[in-house]
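J.: I have a structure I would like to understand better, so I am pasting it below and will then ask my questions one at a time.
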Amino acid sequence: MKILSRNKEEFKLKIENADDLWYLSTIVDAGDLVKGKSLRKIKIGDSSQGNVKIIKKPVFLEIKVEKVEFAETSNVLRVLGIITQSPEEVEHGDHHSFALEEGSIITIHKEEWLAYQTERLREAAAEKQGRILIVIHDREEAFFALMKKAGYTLLSHITGDVQKKGDDKSITKNFYREILDLVQEYVDRYTITSVVMASPAFWKEELAKELKDEVLKKKIIFATCATVGKTAIAEVLRRDEVKKALQQDRMTHEVNLVEDLLTEIKKNNCAAYGIKQTEEATNAGAVKDLLVADSFIQESRRENFYNRLDAIMKTTESTKGKVHIISAEHEAGKKLVGLGGIAALLRYKISY
């Protein structure tokens, strides 16, 4: 995302990729003013003479936001609301929807910007970190995932033609070589800067014997995992040997926060979860880190309790706590959703 200009109440932004849309889906709230160019159906001609035509025309509009809808699969963020500023041919008070996508330029006006909202804009606008490929494998199958700010995208899952016990069939393909060939393809396609290669037991050592390319070798970090599959990706992110490569990656930070939360819950110590407990802890000034799933924000808007959630976030910041929006797209985020979508790490233990 590119910040084109800003003042106390407004940010003018250019959307540069799909990650930016995800960021904005957690920032734009009901009551905000959003303005920019958009296509609008306009009536032209004289209706009394029956020669009216309806055309789509680009116009500059401002709307007061009522609803935000984000479909990650279509890479479109829809911001719906009531028109408050427009050209003469467009009625004030009509409904309009901005369909935001890559390349869109908008201005967002808020009466009050929370610290986590401006921080997320700065994060989205910061220089992009290197792209990271995660590979989970054993001798029979491999999963390839591309890290994103809001989780990861599973690129492919392959299985190898390997020798089975008691099977006399001759195997002509080298599965480890197939894995490395696909790694190289993804490195070239996505400009990968780091490859985290993880396996149970000693399979990564067997694969390393096939690794001849010195350039690729320098990009690879080997790690260990207990199983092979999508769930192993979250496990790998927690391992010390990969934290250095991923230390500035958003998903790693989110995984660590949720793991800290689960540890505190298990110890029955400094944690709260679910909206009732978390609200009580917030009002007591006990919240150090507030964790909110992005899907919970969307749910609160659909079910009309966003004002309650917004009050919790504002109170957290006013009592020197920090708000973290957690993507529900990865395993750690799903665990947070399972706890009610909202939780908190506390400064001290409180009774409910």
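J.: Applying 1/(1 + (r/R0)^6) with R0 = 41 Å to the Cβ-Cβ distance of T118 and A71, what FRET efficiency is obtained, to the nearest 0.05? The partial results should precede the final answer.
T.: Details: r = 26 Å, r/R0 = 0.63.
Calculated transfer efficiency: 0.95.
J.: R0 = 56 Å: FRET efficiency of N268 with H157, Cβ-based, nearest 0.05? Please report the intermediate quantities before stating the final value.
T.: Details: r = 39 Å, r/R0 = 0.70.
In this case the efficiency is close to 0.90.
J.: Calculated FRET efficiency, Y348 and I3, Cβ-Cβ r, R0 41 Å, to nearest 0.05? Can you show the working numbers first?
T.: On the way: r = 38 Å, r/R0 = 0.92.
Calculated transfer efficiency: 0.65.
J.: A further question follows. Straight-line reach from K320: which lysines have a Cα under 24 Å away, not including same-chain ones fewer than 8 places off?
T.: The reachable lysines, counting only those whose Cα sits under 24 Å from K320, are K8, K110, K276, K288, K349.
J.: Quick one: angle between helix 175-190 and the longest Cα principal axis of the chain, in degrees between 0 and 90, rounded to 10, please.
T.: Here the helix axis deviates by roughly 30 degrees.
J.: Summing -39500 (n - 2.57) over the DSSP H runs of n ≥ 4 in the chain and dividing by its residue number, what mean residue ellipticity at 222 nm do you reach, to the nearest 500 deg cm²/dmol? Intermediate results must be reported in sequence, preceding the final value.
T.: On the way: 12 runs with 117 residues, N = 352.
My calculation for the chain gives -9500 deg cm²/dmol from helical runs alone.
J.: Something else: Go through 136-142, 256-262 and give me the packing order, highest mean Cβ count within 10 Å leading.
T.: On the way: 136-142: 20.6, 256-262: 18.4.
Ranking, from highest mean packing down: 136-142, 256-262.
J.: Based on alpha-carbon atoms only, what is the radius of gyration of the range 252-346 relative to the globular estimate 2.2 N^0.38 Å?
T.: Working: Rg = 12.0 Å, N = 95, 2.2 N^0.38 = 12.4 Å.
That works out to 0.96 for the range 252-346.
J.: What order do you get for 18-25, 58-65 when each peptide is scored by the mean count of other beta carbon atoms within 10 Å, highest first? Can you show the working numbers first?
T.: On the way: 18-25: 22.0, 58-65: 17.1.
Result, highest mean Cβ count within 10 Å first: 18-25, 58-65.
J.: So, one more: May I ask you to list the lysines whose Cα is less than 18 Å away from that of K204, ignoring any residue fewer than eight positions away on the same chain?
T.: Within the straight-line cut-off, K204 pairs with K173, K212, K217, K218, K219, K230.
J.: Explain nothing, just the number: relative contact order of the range 248-319, from Cα pairs under 8 Å at least 6 residues apart, as a whole percent.
T.: On the way: 25 pairs, mean separation 19.5, N = 72.
The value is 27 percent.
J.: Only Cα pairs under 8 Å and at least 6 apart count here; give the relative contact order of the chain as a rounded whole percent. Can you show the working numbers first?
T.: On the way: 645 pairs, mean separation 46.6, N = 352.
In percent, rounded to a whole number, it is 13.
J.: Whole angstrom only: what separates the Cα centroid of the range 183-240 from the Cα centroid of the range 303-346?
T.: That distance is 33 Å.
Values quoted throughout were computed directly from the atomic coordinates according to the rules given, and no laboratory measurement underlies them. All values derive from a computational prediction rather than experimental measurement. Every residue, glycine among them, receives a Cβ derived from its backbone with ideal geometry; neighbour counts consider all protein chains shown.
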